[in-house]
Amino acid sequence: MPKSDINKAGWEQSDFPILCETCLGDNPFIRMSKQEYGRSCGTCARPFTVFRWNPGTGMRFKTTVICQTCAKIKNVCQTCLLDLEYHLPTQVRDTALGVVSDAPTSDINREYYAQNMESKLEANQSGLDTGRTASAGKDMLKQLARTDPYYKRNRPHICSFFVKGECKRGDECPYRHEIPKNDELSKQNIQDRYHGRNDPVANKILSQHASRQGLAPPEDQSVTSLFLSSLPANATEQTIRTRVVQTLPKLTNSIRSIVHVPKTRCAFVNFKDRASAETAAQAWSNGLDMDGERLGVRWGRSKNAVALGSGGCDTASPATNSVAT
């Protein structure tokens, strides 16, 4: 929509927010207030139309924190910044699907990028393309997805006066009287949550899922290799590397080597550091798809645990696997 004021040419106007069912609430007769250019977007810093509403009785008022263009680029809710399809943090979704956003994470060019994307995106179109993603990643997201609204997330904030022992309102206080938990999950910010980097909630979800799938990190911190089994018969070291890079685009420079053993149709993916190996294990919790086949993924063994330094691998017995370097 063209603006009469040239200074507002890059600002966003909208008639209704992009919200998930949880943030919208269970009240079918919700009332919203609308304020054009009420605040700057939490990611691109452009002024946008802000919406405010109460999602239900006993809940706190909620408001939109990012503009619609940024929400469409990542297919997320304007308030909680969770994925609209799976209701998961963007880091979980992007790790499972191997998606990398080209949105700038620094202050430079953020507003320019958002303005260009606004002209490219149609009214209800998402900027996230997941049409060619692997089925293993989608299976993982289906297992982790929240199917029902989680209205507990809309509860009032904790009363700061109660924490200091100074609240005198008792049961009439509209805020929660609880002692806050000072842990890693309480240290979140909009930028990390939106761009899917160092999100403590996402890290916890991915770590727990990997453990349930038998990919809990070994205690030996020197283990930085993952073992792939049931490779296609025509697989080569180059095709394996290409597939690994496709599913782990953020770890392209973190791969030390790939050792392929054609005779037993297995391979070792050696990473430069333990953190990269753990990220790969989380992304491949449900296996790795390659040429229509689902590969088995397990952690390699430490060199001290390998009997006689065997260089091969046995797809039927995890105990005989060894770390190849």
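The values are calculated or read from the model by the stated rules, or taken from the named source; none is laboratory data. From a predicted model like this one, the values you see are computed outputs, not experimental measurements. A quick note on method: Cβ atoms are made from the backbone with ideal geometry, for glycine too, and the neighbour counts reach across all protein chains shown. For accessibility, only protein heavy atoms count, side chains too; no ligands or nucleic acids. Shrake-Rupley method; radii C 1.70, N 1.55, O 1.52, S 1.80 Å.
Figures for the structure shown
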read-out: Set of lysines near Lys164 by C-alpha distance (under 18 Å), chain-local residues within fewer than 8 positions excluded; value: Lys181
read-out: Accessible surface ranking that places the most exposed of Thr239, Thr90 first, with a 1.4 angstrom probe; value: Thr239, Thr90
read-out: Under 27 Å from Lys72, Cα to Cα: lysines that are on another chain or at least 8 residues apart; value: Lys3, Lys8, Lys34, Lys62, Lys120, Lys138, Lys142, Lys152, Lys187, Lys204, Lys250
read-out: Lys34, Lys62, reordered so the largest accessible area comes first (probe 1.4 Å); value: Lys34, Lys62
read-out: Ranked by how many other beta carbons lie within 10 Å on average, peptides 140-149, 63-72 from highest; value: 63-72, 140-149
read-out: Accessible area (Å², per residue) of region 139-244, counting only protein heavy atoms and a probe of 1.4 Å; value: 64 Å²
read-out: Solvent accessible area, Å² - Ser225, 1.4 Å probe, full protein context; value: 0 Å²
read-out: With all protein chains modelled, accessible area of Ile73 [1.4 Å, Å²]; value: 10 Å²
read-out: Rounded Å value of the spacing that divides the Cα centres of region 247-287 and region 25-99; value: 35 Å
read-out: Where Lys204, Lys181, Lys303 fall by accessible area, highest first, once all protein chains stay in place (1.4 Å); value: Lys181, Lys303, Lys204
read-out: Sum of side-chain charges, Phe161 neighbourhood, beta-carbon under 15 Å (Lys, Arg +1; Asp, Glu -1); value: 0
read-out: Listed peptides 207-217, 168-178 by packing density, highest first (mean Cβ within 10 Å); value: 207-217, 168-178
